[in-house]
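The structure appears right after this line, and notes come after that.
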Amino acid sequence: MSKMKLGLLFPPEHTEEPIITKLVKLDLSINILKASISQGNQGKMILEATGADDDITKGIDYLKSQDISIKVYTDSVIRYEEKCMDCGACTAVCPSGALVMNTDTWKLEFDMDKCVLCGHCVSACPARAIKNFEEITR
């Protein structure tokens, strides 16, 4: 089983189609992390797909066949350890528990598997030691 976070950008004509249902029929487990969809407008969605590697590949191929732009997230935030003060401000706003303080070392730890790509940590960091991955790759 593999898990992959995908950013989808789809044209207005696909906002009425059951895209998630079709992905589920390809034996993928889908967790929608963030979505902004309005009928007749361009749609944006970030989801986590879990399934066999072949099924994930089939799902991505299906999305591409529907003219949906896909971004695979291997990282969601970039933490600059040299700037980080390990103050923990980001942990207070992290809804998923992806950012936590190790109480043995009092160092910040990040778990990408738990990250829901909300970006709250970026604005909470007083040292600006965390950047949104999309911000870096623009």
Cross-chain or 6+ apart pairs with Cβ under 9 Å, region 20-35 first and in contact (Cβ under 8 Å) with a residue 12 or more places away in the chain and on the phi > 0 side of the Ramachandran plot, then surrounded by 13 or more Cβ atoms within 10 Å (Cβ to Cβ) and of a type in the set (A, V, I, L, M, F, W, C): ASP27/ALA52
Count of residues meeting criterion [in contact with an Asp or Glu (Cβ under 9 Å, 6 or more places away or on another chain), at pLDDT 90 or above and within 25 Å of LEU99 (Cα to Cα)] in region 49-85: 1
Selection count where residues are farther than 12 Å from GLY7 by Cβ and surrounded by 18 or more Cβ atoms within 10 Å (Cβ to Cβ), scope region 31-52: 1
Pairs with Cβ under 6 Å, 6+ apart, first in region 58-83 and touching a residue at least 12 places away in the same chain (Cβ under 8 Å), second surrounded by 11 or more Cβ atoms within 10 Å (Cβ to Cβ) and among the charged types (D, E, K, R): TYR73/LYS5; ILE78/LYS131
Residues (in a loop (DSSP other than H, G, I, E, B) and under 19 Å from SER65 (Cα atoms)) located in region 16-40: GLU16, GLU17, PRO18, LEU26, ASP27, LEU28
Every residue from region 59-90 that is over 22 Å from LEU117 (Cα atoms) and crowded, with 16+ Cβ neighbours inside 10 Å: TYR62
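The values are calculated or read from the model by the stated rules, or taken from the named source; none is laboratory data. Here the structure is a predicted model, which means the values were calculated and not measured. Counting neighbours? That spans all protein chains shown, and the Cβs are built from the backbone with ideal geometry, glycine included.
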